[in-house]
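Worksheet: the structure to be examined is printed underneath.
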Amino acid sequence: MSKSHFRLTKVKALKGCCLSLTFADGQTFTVDLNGWIAKTKPLKALQDAALFARARIGADGSTVEWKSGEIDLAADNLRNLAVEQAGNIGHERIWEWLHENQLTLEQAAAALGISRRMLIYYRDGEKPVPRAIWLACLGWQAVRPKDKVLPSRIPSPKEYAALHS
């Protein structure tokens, strides 16, 4: 992990399987891990409050670890989860949108009307993803324009189904 904004500088275990995370860019987030712990077998041990309380920074700030590294979670994934839990758009949604739609950075930037560099900032989590950009991603996916001309209206449910069949 080369992005310093994903490097952890402080980790504090909170009650209820939550963590306070501070990153190298000064941002602090609280993340609730109950969902991940409940549905991920290797994390079940973290339901033990005494073990969860031993959370610490691992791997040069790129993970949070418990049990001498036997259980760890990547800092970039934790930051994405925290951003999403705060009601914002996590950078991983951009990665998924690019992959699901098989778009290159150039194609995606043109589709969204932004520069390739700005799209990379969003994709890599270096800048927060504006809600309008995520809505543009969803809109593009809904209509999948075949050329540079955007549709003048939203497709009906039948038209949408036909576009995605």
Which residue pairs have Cβ atoms closer than 6 Å, lie 6 or more positions apart in sequence or on different chains, and pair a first residue in the stretch 8-27 that is on the phi > 0 side of the Ramachandran plot with a second residue that is of a type outside the set (K, R) and outside any strand (DSSP E or B)?
-> C17/L33; C17/N34; C17/I37; C17/F52
Hey, W97 hits all of (1) in a helix (DSSP H, G or I); (2) within 17 Å of the chain's Cα centre (by Cα); (3) modelled with pLDDT under 95 but one; which does it fall short on?
-> (3)
All positions within the stretch 70-100 that are of a type in the set (A, V, I, L, M) and under 26 Å from F52 (Cα atoms) | I71, L73, A74, A75, L78, L81, A82, V83, A86
If S68 satisfies every condition in (1) out of contact with any strand residue (DSSP E or B) (no Cβ under 7 Å at 6 or more places or on another chain); (2) at pLDDT 95 or above but one, which is the exception?
-> (2)
Name the single residue, out of those in the stretch 59-72 being in contact with a Ser or Thr (Cβ under 9 Å, 6 or more places away or on another chain) and in contact (Cβ under 8 Å) with a residue 12 or more places away in the chain, that is farthest from L43 (Cα to Cα).
-> G61
Could you grab the pairs with beta carbons closer than 9 Å, sequence gap of 6+ or different chains, first residue in the stretch 75-88 and within 14 Å of N34 (Cβ to Cβ), second one surrounded by fewer than 21 Cβ atoms within 10 Å (Cβ to Cβ) and among the hydroxyl-bearing types (S, T, Y)?
-> A82/T30; Q85/T30
Could you say which residue among S62, S68 is among the polar types (S, T, N, Q) and more than 20 Å from the chain's Cα centre (by Cα)?
-> S68
Can we say Y121 is surrounded by 11 or more Cβ atoms within 10 Å (Cβ to Cβ), in a helix (DSSP H, G or I) and within 16 Å of the chain's Cα centre (by Cα)?
-> yes
In this structure, is A50 in a helix (DSSP H, G or I) and surrounded by fewer than 14 Cβ atoms within 10 Å (Cβ to Cβ)?
-> yes
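The values are calculated or read from the model by the stated rules, or taken from the named source; none is laboratory data. Because the structure is a prediction, the values reported are computed rather than measured. Positions of Cβ are generated from backbone atoms using ideal geometry, with glycine treated the same way; all protein chains shown enter the neighbour counts.
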